[in-house]
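The values are calculated or read from the model by the stated rules, or taken from the named source; none is laboratory data. In this text, all values refer to a predicted model and were calculated from it rather than measured experimentally. When we count neighbours, we look across all protein chains shown, and the Cβ atoms used for this are built from the backbone with ideal geometry, even at glycine. We work out accessible area using only protein heavy atoms, side chains counted, and drop any ligands, DNA or RNA first. Shrake-Rupley method; radii C 1.70, N 1.55, O 1.52, S 1.80 Å.
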Amino acid sequence: MRTQIVAGNWKMNNTFSEGVDLINELVEKFDAVKEVQLIIAPPFILTNEAAKALKYKTIGLAGQNCSNQSHGAYTGDISASMLKSAGANYVILGHSERRAYYHETDQIINEKIKLGLKNDLIPIICCGEVLKEREENKHFEIVAKQINGMLKEISPEDFINIIIAYEPVWAIGTGKTATPDQAQEIHQFIRETIKNIYDSDIANNLSILYGGSCKPSNAKELFANPDVDGGLIGGASLNADEFIEISKSF
Ligand code: PEP
């Protein structure tokens, strides 16, 4: 049985006190959710505050990114070990916004994955095509290239700690969602790609999350697919009720 996961990527939203309020609201309402691994990824300034609030709850805590350097003179960066020491146990890597605005390549993401794993963080690694690539029917090729690049020299023993999120860029924050068939088709393809890199046991145990305008009204039909093991949620994760509602959609 694969782990079903609903992860909330808050991105650069909320002030410190608004973030604390949202964490507390989630902690209060969380008992409603069973058998699903809930994860939140607040901005870095809230990581430690969240870790304290989540201490006796089984909600996971992620960073939204980490540096591809272990430490040193990298102004503004946060290392994997710093994230871990602040209480995070997951890290989102290779989000399309990082790829687009900060020119992160699969090589850079691969370096981050290695540092995340070394510091005992579970990487949630993102892949997905832009609209033009989908329209040109290149999405399989693009996703396979991203996955192979990100997983370079990652051993099977390390890979079993990784979660993959498929996030079509054209669906992120746009209100457009992949249809359940589109999601299933590419999630199945991702599992097949992992089977080819590692083996079928590893592929079958991998949790693959869908991300892109996932909300309470469409989560059920997306999560009903055999290869969709949950969601990486942006906008809707900023509302505790919506986020919890999504996690009840399996
Ligand atoms: C995301 O950026 O990871 C995401 C899925 O965003 P949204 O749900 O807002 O489309």
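A few remarks follow.
- For Thr47, the accessible surface of its heavy atoms amounts to roughly 0 Å² (probe 1.4 Å, protein chains only, rounded to the nearest 10).
- Computed from label points 7 Å out along Cα-Cβ, the spacing between Lys176 and Thr75 is 3.9 nm.
- Fully extending the segment from Ile122 to Tyr102 would add 5.0 nm, taking 0.36 nm per residue of separation and subtracting the current Cα-Cα distance.
- Length added when fully stretched, Met1-Glu157, from 0.36 nm per residue minus Cα-Cα: 54.3 nm
- Computed over region 164-241, relative contact order equals 38 percent, with contacts defined as Cα pairs under 8 Å that lie 6+ residues apart.
- Overall dimensions of region 119-163 as given by Cα atoms, namely Rg and Dmax in Å: 12.8, 39
- Modelled this way, with points 7 Å down the Cα-to-C-beta line, the labels at Ser200 and Glu25 are 4.6 nm from one another.
- Region 22-181: C-alpha pair distances exceeding 25 Å, %: 36
- For Lys57, a cut-off of 12 angstrom between C-alpha atoms picks up these aspartates and glutamates, skipping any fewer than 8 places away in its own chain: Glu28, Asp31.
- Taking the chain as a Gaussian network of alpha-carbon nodes connected by springs under 10 Å, the highest mean-square fluctuation of the residues Ala53, Ala88, Ala41 belongs to Ala53.
- When the chain is described by a simple charge dipole with +1 on each Lys and Arg Cβ and -1 on each Asp and Glu Cβ, the residue from Phe250, Asn14, Ala80 located farthest towards its positive end is Ala80.
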